[in-house]
Every structure is written in C-alpha cells, then in structure tokens.
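Read the structure below first, then the notes.
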Amino acid sequence: MPAFVPKTSRQRRNLHGRRQGRPLRPAQRRLIEETLPALAIDLPCQAGGLDPAALFDDSVEEIWLEVGFGGGEHLAWQAARVSQTQRPVGLLGAEFFVNGIASLLRHIAATPAERCVRIFRGDVRDLLEALSPDCLDRVFVLFPDPWPKLRHHKRRIIQSQTLDRLAVLMRPGAELRVATDDPTYLRWILEQLLRHPAFDWTARGPQDWRRRPDDWPPTRYEQKALAAGRRPAYLVFSRRAG
Ligand SMILES: C[S@@+](CC[C@H](N)C(=O)[O-])C[C@H]1O[C@@H](n2cnc3c(N)ncnc32)[C@H](O)[C@@H]1O
C-alpha cells in the first residue's frame, strides 16, 4: 500500500532548517539504523487515521507530543519520569534533524523510557494531519526557530494553521507548553494564542511565565539562551472545552 502523503505536503516540501549536521558517528548510525525502526511512526494511508495509543505496546491513557525536540533532552527526561512513575503516558516526538534523533535515541535506548516513546522523523505538520482528533493531552513546543525576518514569518511553527490543527487534536483541558527566548517571537506567540478561540493562557502573574515549572527540564537551546544572557519565557496554555 502506498505511504500516506498528506495533500498539502507538496506545497510545503521546502523544509527550512537542517536535516543533518555533522556526519553521524558509527554509534549514532547504528542507533538510527537499528533502534529507530522499532520506535518510528509510519503515517497511515488516511489523514486523521492515526490513533497514537495504538503505537504503544503498553496501554496508555494520555498522549504527549513534543514538536522539534532537538537533542531530545526534554523528551528523554519526560519519558524517564513517566516510566519511573508508571504513569500511562505515551510520548510522541517529531524532529527532522537526524543528529537530534540520534541524540534522543542515545538518551533512551535500552532504558525503560524507550517503551514510552515513538518518533516521527519528518515535518511535524504531516504528523499533525495524520493524527486522529481529540488524541493529545500535552504538546510541547520548546524554543522553536524564531524566523525573525518578515518574509520568513510564514515558516514559524506557531501560527494560526498549526493552532487550528492543534485545537482539533487536543482534548479539552490539554496543555500546550511553549518556550522562547526571542522577545519578538514571544509577542507573536502571545498574539497568535490570545486571539485563538480554543486556547487560554493559564498565567496569573509574571512568575508563572518567568520561571520554568519543576516538571519542565532545561533544553539545549534554553541553556544557550541563558549563557548568552537572554531570559526565556515559559508559557502554558490550556485547550478550552467545546
Ligand atoms: C531551535 S531548535 C530547538 C530544539 C529543542 N526544542 C530545544 O529547546 O533545545 C528547533 C528544532 O525544531 C526542529 N523543527 C523545526 N521545524 C520543524 C518541523 N516542521 N517539524 C519537525 N521539527 C522541526 C528543528 O530541526 C530543530 O531541531
């Protein structure tokens, strides 16, 4: 059966960003060739036809998705926590940077966390199209590329089209966590989300977005930002009911 190619994909085939950095070392190549296939998400033939719970061997009650997980530090931490506490959560990670995927695999391979993780190698928007409605309980978009030039704003992952799709996929009360260290992108993210009818910003005061919650470990990009003296914002939105 031919693989599902979402109909809008051709229009956005130009993936912006690196697919590969340094050549993979032998150990990284082994992880990609030998460990990834068992964890990889293949898209079904029909848009909206992917029930993510069915991807896991154990039964899961919640599905969390990390968009653009980079080196995978955050996803690996969440997966380790979920497996230690035996919380019935399945974690999906989407990333097209193969070195990042190898890094995530290095963190989780042959650990209990591996059972909780499934990986989509490609453009997350294809995964979003494939997922079935009302399936996500948490979505993490941590330090997405800010694309500062005006003519590149359409490349930003936080924009109305993605939010409309997330609104379909996220269950009422589901959490969307977004972080950025770029003040211009922060304004954009708030504008997009505050005017979207499906999301509420949960912050009640500055400490709620200036401080990273305890169950939110640092990522590589956050560490770079802090080292450069930039102050990240940690935003939590909730999917409204109805
Ligand atoms: C600035 S990095 C942040 C990485 C990580 N979240 C962190 O905080 O360290 C953005 C990441 O998103 C990935 N990315 C960007 N657009 C994507 C897309 N459409 N689908 C999947 N991954 C994407 C990039 O490959 C990159 O690894």
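At-a-glance table
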quantity	calculated
Meets criteria (more than 16 Å from the ligand (Cβ to nearest atom), more than 19 Å from the chain's Cα centre (by Cα) and not in a helix (DSSP H, G or I)) for Gly242	yes
The stretch 167-214, subset farther than 23 Å from Lys154 by Cβ and among the aromatic types (Phe, Trp, Tyr), residue surrounded by the most Cβ atoms within 10 Å (Cβ to Cβ)	Trp209
Every residue from the stretch 64-77 that is buried (at least 24 other Cβ atoms within 10 Å of the Cβ) and assigned to a helix (DSSP H, G or I)	His74, Leu75, Ala76
The stretch 70-89: number of residues that are basic (Lys, Arg) and within 16 Å of the ligand (Cβ to nearest atom)	0
Search result, residues across the stretch 90-111 that are more than 12 Å from the ligand (Cβ to nearest atom) and closer than 12 Å to Phe140 by Cα	Leu91
Hits in the stretch 141-166 (condition: in a loop (DSSP other than H, G, I, E, B) and either within 12 Å of the ligand (Cβ to nearest atom) or within 23 Å of Arg220 (Cα to Cα) (or both))	Phe143, Pro144, Asp145, Pro146, Trp147, Pro148, Arg156, Ile157, Ile158, Gln159
Contacts under 6 angstrom Cβ, first residue in the stretch 181-201 being closer than 14 Å to Phe143 by Cβ, partner among the hydroxyl-bearing types (Ser, Thr, Tyr), 6 or more apart	Leu186/Thr180
Condition met for Phe237 (away from the ligand (no atom under 16 Å from the Cβ), among the hydrophobic types (A, V, I, L, M, F, W, C), closer than 16 Å to Trp64 by Cβ and at pLDDT 95 or above)	yes
Residues of the stretch 40-59 that turn out to be more than 15 Å from the ligand (Cβ to nearest atom), aliphatic (A, V, I, L, M), modelled with pLDDT of 95 or more and surrounded by fewer than 21 Cβ atoms within 10 Å (Cβ to Cβ), as a count	3
Where a residue in the stretch 123-134 is closer than 14 Å to Asp51 by Cβ and its partner, wherever it lies, is near the ligand (Cβ under 9 Å from one of its atoms), with Cβ under 7 Å and at least six apart	Leu127/Ala94; Leu127/Phe120
Pairs where the first residue, in the stretch 139-165, is small (Gly, Ala, Ser) and the second is part of a helix (DSSP H, G or I), C-beta under 8 Å, 6+ apart	Ser160/Gln192
Pairs with Cβ under 8 Å, 6+ apart, first in the stretch 18-41 and assigned to a helix (DSSP H, G or I), second of a type in the set (Val, Ile, Thr)	Ile32/Val98; Ile32/Ile101; Leu36/Ile101; Leu36/Ile119; Leu39/Val117; Leu39/Ile119
Test: residue in the stretch 120-132 that is hydrophobic (A, V, I, L, M, F, W, C), under 14 Å from Leu39 (Cα atoms), in a strand (DSSP E or B) and within 16 Å of the ligand (Cβ to nearest atom)	yes
Qualifying positions in the stretch 59-96 - over 13 Å from the mean Cα position of the chain (by Cα) and farther than 17 Å from Ala109 by Cα	Ser59, Val60, Glu61, Glu62, Thr85, Gln86, Arg87, Pro88, Val89
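The values are calculated or read from the model by the stated rules, or taken from the named source; none is laboratory data. Just so we're clear, the structure is a prediction, and the values are computed from it rather than from any experiment. Positions of Cβ are backbone-derived with ideal geometry, glycine not excepted, and every protein chain shown enters the neighbour counts.
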